[in-house]
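Comments concern the structure below.
We did not get these values from a lab; they are worked out from the coordinates using the rules stated. The model shown is predicted, which means the values in this text are computed figures rather than measured ones. Note that we place each Cβ from the backbone using ideal geometry, even for glycine, and neighbour counts take in every protein chain shown.
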């Protein structure tokens, strides 16, 4: 466990906490970007360069921008008068704490059985491309279909319905 | 503590933060942000297990994470489109006020 890991993990968790806790929705989206960047750094720390850069491109480049667009289109940056938390926030908090307790207990109980430090795997983008085009070609095609369907679906759902044109 | 346990704990904490956000916020967009955080925590687990697993050259966990990132992007696009449409229809993104299915 290096100092770098603790620093990146702290950054990621601080970003995630801010994204969930802040009152202004635009600030939440910015904090979410910090959390995504921290996750990309964690991926790089885990020697998964391709996944790390895919994380930066997809999440920071697309999802975070999409979230900001949605916030501005719905005028969600105005803080509502009756608070930002739901009526039954205490139950949600208890459920989340319970889930973390179970997950943390499971990890700590099995910590001795987990594998120790291994040599860093040398995985090149060439290998990933070869795997995508040979063994994982069917999932790749299905993801392509899913992305097309999601694209068309999102456009149709968000398309403006003109009055009297239904 | 082994490095893998550290990553798993960070992922568990991230998942819980996302779950708390999804369960306690009123704004629909913030709920989607919480769901994104949970998906990312799962991705971190996949990559960590790939890195410290017995056969990293098989690329299984890495491929799973890459496909999961693609599916999460599609989910975010459709989810935010739905939120925009609901806002246009009901003029609110407050989930506590969305209590009927009739339009």
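Each residue in A:112, B:51 was given a count of other beta-carbon atoms within 10 angstrom of its own, and listing them fewest first yields A:112, B:51.
The calculated FRET efficiency for residue A:118 paired with residue A:14, based on their beta-carbon distance and R0 = 22 Å, is about 0.15.
Could you tell me how many degrees, from 0 to 90 and to the nearest 10, lie between the Cα long axis of helix B:60-90 and the main elongation axis, the longest principal axis, of the Cα atoms of chain B? In chain B, helix B:60-90 runs at an angle near 10 degrees to the longest axis. Rg ratio for the range A:123-166: its Cα radius of gyration over 2.2 N^0.38 Å, N being its residue count, equals 1.92.
Panel order for A:118, A:124, by other beta carbons found within 10 Å of each beta carbon, from fewest to most: A:124, A:118. In the range A:1-124, the inverse of the mean reciprocal separation of distinct Cα atoms equals 17.1 Å; this is its Kirkwood hydrodynamic radius.
Compute the helix-to-body angle for B:3-24: its Cα long axis versus the longest principal axis of chain B, expressed 0 to 90° and rounded to tens. Tilt relative to chain B: about 10 degrees. For the range B:3-97, the Kirkwood radius over C-alpha pairs fed into Stokes-Einstein at 37 °C and 0.692 mPa s yields D = 224 µm² per second. Using just its DSSP H runs of length 4 or more, each adding -39500 (n - 2.57), chain A gives a mean residue ellipticity at 222 nm of -21500 deg cm²/dmol after division by all residues.
Coordinate range of the alpha-carbon atoms in the protein assembly as shown per principal axis, descending: 63, 42, 27 Å. Exposure proxy ranking for B:33, A:95, A:71, A:156, based on other Cβ atoms within 10 angstrom of each Cβ and starting from the fewest, stands as A:156, A:95, A:71, B:33.
For the range B:51-103, the fraction of alpha-carbon pairs lying more than 15 Å apart is 64 percent, rounded to a whole number.
Helix content alone sets the calculated 222 nm mean residue ellipticity of chain B: runs of n ≥ 4 DSSP H residues at -39500 (n - 2.57) each, divided across all residues, give -27000 deg cm²/dmol.
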